[in-house]
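Colleague: Quick one: this structure, given as structure tokens, is what I'll be asking you about.
The values are calculated or read from the model by the stated rules, or taken from the named source; none is laboratory data. These numbers come from a predicted model, not from an experiment. Using ideal geometry, Cβ is built from the backbone for each residue, glycine included, and neighbour counts are taken over all protein chains shown. Surface areas here come from the heavy atoms of the whole protein model, side chains and all, with no ligands, DNA or RNA. Shrake-Rupley method; radii C 1.70, N 1.55, O 1.52, S 1.80 Å.
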Amino acid sequence: MPIYPARIALVVALLVSLHAGAPTATHVIFYVALGVLLAISTRRPVGFATILVLLIGGLVIRLAWSDRIGSDTLYVTKAAIDRVLVGLNPYGYHYEASSPPGAPFPYGPLAILLYMPFHQVASFLELLSGATVATVLAVQGRLVGLAVYAAAPIVVAVSTDGSNDTTLGLLILAAFMAGRRWPALGGFLLACAVAFKLSALAFVPGFLAWAGGRVAVAFLAGSLIAWAPVLSTWGIRSFIDSVSRANALSPAVIWSLGTVVKELTGQRLEILDTLRLAFGGVIALLGLRLRSSMNRVILVGCAVYLVTLYGGNWATYAYFGGIAPIICWRLDEWLGLESRSVPDRLRELRRNLAAKGAAKAAVETEVEARAASA
């Protein structure tokens, strides 16, 4: 039986959508729809149907889980925006809205700007960001990438659990997508991603080395614009203080290399929280040799991201949301699968319909000619 990207995508979606928790009715319906479509795919092409089911299903199961909160990030962000709206500095302050109370706001000024229109329901921006990423993957025909992004439980949870990594992932994706045609715009958008959340710095060295010096100027310009409130009003010192305090808050050893170390030694190794940054820096420097292609730059950036975030004592599954879009965007290509965009599929459909119409007209003309000669 021939292997088609749509069929592979359906199988992947069926496998990755399984999880240990109790599924909602929406999840069950989504799972059944995937199975039915997979069965149909053995008889006829289902490329368009696969895109629609994954896109709509991915959004619907996120809405079904939108009331499940696991992170206090958006609560703290809302409280920080409330301070800004009354003319106060969001940095250098301990927020009672965090869990446990007393955490700072360690994110960049762009987080204030982007969440401000949604700060009463900040989770809406995360859902919107997730829907945007899924739509981009769908329109470009990245079927396997769309399957993973739409159905993987961790990726779904990140967009609804109160963290901000889904929007970070969208910003990183936008930077690389723009960078393929307009490198300077890509550099500007990557600066915006860093001004949203500092973990985007993992992609900066490789991107700038790949794109060239002019892009570094665009990155610098974007940074100056995005960080203007900190530079001119709130103060760099207060921002650094918030970041330092946030890094010092690691109440448990979880989701990290520290988990392995504690399991083997029975104790927490504090130096890991410093070594993770050093190792990340070494990987970034060594990775500069791989700047010849965007795919290599993305892989090195992901490696730096994972090492710096998961190489210490505390981390969270939500961090995967920051790199899920960029990985899913390239996944089909890495697997050697053909990606046909929706516009290409529509043009092919129109050509097929036109060919069938012409064939039908030819048959009708021949029948009429035979009838006339008889």
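Colleague: Probe radius 1.4 Å, ligands and nucleic acids ignored: give me the carbon and sulfur share of the accessible area of the chain as a rounded percent.
Modeller: That fraction is 67 percent.
Colleague: Residues with beta-carbon under 11 Å from that of ILE112, excluding ILE112: net charge, scoring Lys, Arg +1 and Asp, Glu -1?
Modeller: +1
Colleague: Of VAL133, ILE40, PRO343, which is farthest on the positive side of the dipole of the chain, counting Cα position, with +1 on Lys and Arg Cβ, -1 on Asp and Glu Cβ, and the Cα centre as origin?
Modeller: PRO343
Colleague: Could I ask something else about it? How far is helix 342-373 tilted, in degrees, relative to the longest principal axis of the Cα atoms in the chain, given as a value from 0 to 90 rounded to the nearest 10?
Modeller: 10 degrees
Colleague: Same structure again: For the chain, list log₁₀ I(q)/I(0) at each q in 0.07 Å⁻¹, using the Debye formula over Cα point scatterers of equal strength and ignoring solvent, two decimals each.
Modeller: -0.37
Colleague: Let me ask another. Cβ under 10 Å from GLY311's Cβ, GLY311 left aside: what net charge do those residues give with Lys, Arg +1 and Asp, Glu -1?
Modeller: Numbers: positive: ARG276; negative: ASP273.
With Lys, Arg at +1 and Asp, Glu at -1, the neighbours total 0.
Colleague: Over the stretch 1-59, give the accessible area per residue in Å² for a 1.4 Å probe, as an integer. Mind dumping the intermediate values first?
Modeller: Numbers: 3330 Å² over 59 residues.
Heavy-atom accessible area per residue stands at 56 Å².
Colleague: Something else now. Sorted from largest to smallest, which semi-axis lengths in Å does the alpha carbon gyration tensor of the stretch 122-237 give for its equivalent ellipsoid, taking the root of 5 times each eigenvalue?
Modeller: They are 26, 19, 10 Å, listed largest first.
Colleague: Further question on the same structure: On average, how much accessible surface per residue is there in the stretch 78-220, in Å², for a 1.4 Å probe, leaving out ligands, DNA and RNA?
Modeller: For the stretch 78-220, the per-residue accessible area is 35 Å².
Colleague: So for LYS356, LYS78, LYS197, LYS262, what's the accessible-area order with a 1.4 Å probe, most first?
Modeller: Result of the area sort, largest leading: LYS356, LYS262, LYS78, LYS197.
Colleague: Still on this model: Let me spell out the model: positive unit charges on the Cβ of Lys and Arg, negative unit charges on the Cβ of Asp and Glu, origin at the Cα centre of the stretch 1-139. What dipole size does that give, in debye rounded to 20?
Modeller: 580 debye
Colleague: Note the angle between two axes, namely the Cα long axis of helix 123-139 and the longest principal axis of the Cα atoms of the chain, as a number of degrees from 0 to 90, rounded to the nearest 10.
Modeller: Orientation of helix 123-139: about 40 degrees from the principal axis.
Colleague: What size of dipole, in debye to the nearest 20, comes out for the stretch 241-350 about its Cα centre when the only charges are +1 on Lys and Arg C-beta atoms and -1 on Asp and Glu C-beta atoms?
Modeller: Values: 12 positive and 9 negative charges, 52 e Å.
Here the stretch 241-350 has a charge dipole of around 260 debye.
Colleague: So, one more: Round to the nearest 10 and give me the degree value, 0 to 90, for the angle of helix 236-248's Cα axis relative to the longest principal axis of the chain.
Modeller: 80 degrees
Colleague: Sticking with this structure for a sec: Show me 285-295, 7-17 ranked by packing, highest mean number of other Cβ atoms within 10 Å first.
Modeller: Result, highest mean first: 7-17, 285-295.
Colleague: For the peptides 177-183, 143-149, what is the packing order when you average, over each peptide's residues, the other Cβ atoms within 10 Å and list the highest mean first?
Modeller: Top to bottom by mean Cβ count within 10 Å: 143-149, 177-183.
Colleague: Still on this structure, I have one more. Over the heavy atoms of HIS94, what accessible area does a 1.4 Å probe trace out, to the nearest 10 Å²?
Modeller: Probe radius 1.4 Å; accessible area of HIS94 about 80 Å².
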